[in-house]
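The values are calculated or read from the model by the stated rules, or taken from the named source; none is laboratory data. Just so you know, these numbers come straight off a predicted model, no measurement behind them. As a convention, Cβ positions derive from the backbone with ideal geometry for all residues, glycine included, and neighbour counts pool all protein chains shown. Calculation scope for accessible area: heavy atoms of the full protein, side chains included, ligands and nucleic acids excluded. Shrake-Rupley method; radii C 1.70, N 1.55, O 1.52, S 1.80 Å.
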Amino acid sequence: MNETSPGPESTPAPGRIVLLTTSHRVAPGLLSWPAWEALRAADRVLCADAAHPQLPYLSEAGITVVEASPTAEELVAACAGGHTVVIVATGEGEPALTDGLARLAGSGRVQMPELELLPASYDLPGARLLDLVQVMDRIRVECPWSSQQTHKGLAKYGIEEAYELVEAIEEGDRDELREELGDVLLQVVFHARIAEEDPDTPFSIDDVAGGIVTKLIHRHPHVFGDETASTPEEVKAHWLRTKAEEKRRTSITEGIPMGQPGLALAAKLASRVRTAGLEVRLPLPEGGDGIGYELLALAVRAEAEGVDPEAALRAAGRAYRDAIRGVEESGGGA
């Protein structure tokens, strides 16, 4: 009788670790299907944060979650024998645990379980705007300065930030552009937060966003409707027509802010006149040297030639500034 030599001892399956991440910007309980599959198939589900916003929804779905903060060694041991352990990650992403697992794997002395990072919910584009709204809400409540601000008090900052944005665009500074866009966005969110407190006609940032969404859809019938537009001129015609229907204005001058810089005001008026096809003669000065009317004529001419007179003057102003500095550096003077 031949003896049969025993085969090699079978190595226990190392199991599987699933690190389940979620976004606080997505409503709790709205998880991906792979996430639900992993949770239901797991032998154990652990979470270090007993107040994690997902836990009530997991409990409601019949998922038992144990509050625990295992070390890397303890987690590897829990997976021995082919078990699957799902870790519901906290907002920090469990860096201590993942670093520990990386060290164990790098040592080569431990048979590591299969490791999987499973995003259970994703941030959509624009999700960080929710963070801005939350931060603004807290600042409005807790900051002694911000809590006292009004629409009128903030108005000057809106003007300043808009000019700083224009300067960043004209200078071509990408980092500055990103920062200034954020500052302008802050003004919008700040005013919307203040508006929530109005006792008579409150509105929120959602109302602001909803209003502009409705306006954009209505003014782009070539995108969201049945009309067509193949050139920028046709798009502008759609925009002006729908805008006129919305506003029902009796004069093309309505809606033009008269408090804007003079050259910009002149160019805007000239643009409205040209678009409407009106023949309007420039007024003649009744006295004085008429410099204002000369500037007006230059602004009208610039607009007709497709030049933004305000931007052109700023560019000339920057060149003048550089010339002044050049004279200063050379030691020149009056």
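Ordering of 180-189, 85-94, 130-139 by packing is 85-94, 180-189, 130-139, highest average first (other Cβ atoms within 10 Å, averaged per residue).
With contacts taken as Cα pairs under 8 Å and at least 6 residues apart, the range 193-314 reaches a relative contact order of 16 percent.
Rolling a 1.4 Å probe across all protein chains gives GLU37 an accessible area of roughly 100 Å².
Ligands, DNA and RNA left out, the accessible area of the chain computed with a 1.4 Å probe is 57% carbon and sulfur. When PHE224, PHE203, PHE190 are compared by accessible area at a 1.4 angstrom probe, the order from most to least is PHE224, PHE203, PHE190. Rounded to two decimals, the Cα-based Rg/Rh of the range 203-261, with Kirkwood Rh, is 1.04. Sorting SER69, SER147 on solvent-accessible area from highest to lowest, probe radius 1.4 Å, gives SER69, SER147.
For the chain, the longest principal axis of the alpha carbon atoms and the long axis of helix 205-218 meet at an angle near 70°.
Note on exposure: TYR157, TYR122, TYR293 ranked by accessible area (1.4 Å probe, complete protein assembly) read TYR122, TYR293, TYR157, with the most exposed listed first. Calculated from the structure at hand, P(r) over Cα pairs in 10 Å bins from 0, in percent is found among (1) 5, 22, 28, 25, 14, 5, 1; (2) 4, 14, 18, 18, 15, 12, 9, 6, 2, 1, 1, 0, 0, 0; (3) 5, 25, 36, 25, 8, 1, 0 as (2).
Taken over the alpha carbons of the range 105-187 as equal point scatterers, the Debye sum produces base-10 log I(q)/I(0) values at 0.21 Å⁻¹ of -1.09. For helix 309-329, report the angle its Cα long axis makes with the longest principal axis of the Cα atoms of the chain; keep it between 0 and 90° and round to the nearest 10°. Rounded to the nearest ten degrees, it is 90.
Over the chain, Cα pairs under 8 Å with separation of 6+ residues give a relative contact order of 13 percent. For the range 1-142, the equivalent ellipsoid built from the Cα gyration tensor has semi-axes of 38, 17, 13 Å, listed from largest to smallest. Using the 1.4 Å probe convention, the accessible area of the chain works out to 67 Å² per residue with neighbouring protein chains retained.
For the chain, the residue among LEU97, VAL133, LEU39 whose Cα projects farthest onto the positive side of the dipole built from Cβ charges is VAL133.
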